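S.K.: Here it is, the structure in full.
The values are calculated or read from the model by the stated rules, or taken from the named source; none is laboratory data. The structure displayed is predicted, hence computed values, not measured ones. Cβ atoms come from the backbone with ideal geometry, glycine included; neighbour counts cover every protein chain shown. Side chains included, ligands, DNA and RNA excluded: accessible areas come from the protein's heavy atoms. Shrake-Rupley method; radii C 1.70, N 1.55, O 1.52, S 1.80 Å.
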Amino acid sequence: MISTLTDEAFKRLLDNRELTTPRLLASPHYAPLMRAEGAEEELAQLRIEWRERQERARARKLKYEASFGES
């Protein structure tokens, strides 16, 4: 499911989670809290959504290039 964030805002969110989640999961104090909140699954879902966004951007670009070529 594509969220309502812009691609730039979503990428910042993903980058932030990519940096913080593994460190927090490695912490003996924060790991149980992060796992209880489903941080691993959330990060996986964010990665999937980013791939979907990239695929949609590629499709838009190809469609644009195809329409430009037909003119």
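S.K.: For the chain, take the longest principal axis of its alpha carbons; what is the angle in degrees between that and the long axis of helix 7-26, to the nearest 10 within 0 to 90?
M.R.: For helix 7-26, the angle is close to 30 degrees.
S.K.: What is the angle, in °, between the Cα long axis of helix 39-70 and the longest principal axis of the Cα atoms in the chain? Nearest 10 is fine, range 0 to 90.
M.R.: It is inclined by approximately 10 degrees.
S.K.: Which percent of the accessible area of the chain is formed by carbon and sulfur heavy atoms (probe 1.4 angstrom)?
M.R.: Summing carbon and sulfur atoms, their accessible area is 57 percent of the total for the chain.
S.K.: Now for a different question. By average Cβ neighbour count within 10 Å, what is the ranking of 55-66, 5-16 from highest down? The partial results should precede the final answer.
M.R.: On the way: 55-66: 10.2, 5-16: 12.8.
So the order, starting with the most tightly packed, is 5-16, 55-66.
S.K.: With every protein chain left in place, what is the accessible area per residue of the chain in square angstrom, probe 1.4 Å? All intermediate terms of the calculation are to be shown ahead of the outcome.
M.R.: Numbers: 5710 Å² over 71 residues.
That works out to 80 Å² per residue.
S.K.: Could I ask something else about it? Using a Förster radius of 30 Å, what is the FRET efficiency between E42 and F68 based on their Cβ-Cβ separation? Nearest 0.05, please. If you can, show how the numbers build up before the last one.
M.R.: Values: r = 39 Å, r/R0 = 1.29.
Efficiency, from the Cβ-Cβ distance: 0.20.
S.K.: Taking Cα pairs under 8 Å and at least six residues apart, what relative contact order does the chain come out at, in percent? Can you show the working numbers first?
M.R.: Values: 24 pairs, mean separation 25.0, N = 71.
Relative contact order here is 35 percent.
S.K.: With every protein chain in place, what's the accessible area of S67 (1.4 Å probe, Å², nearest 10)?
M.R.: 60
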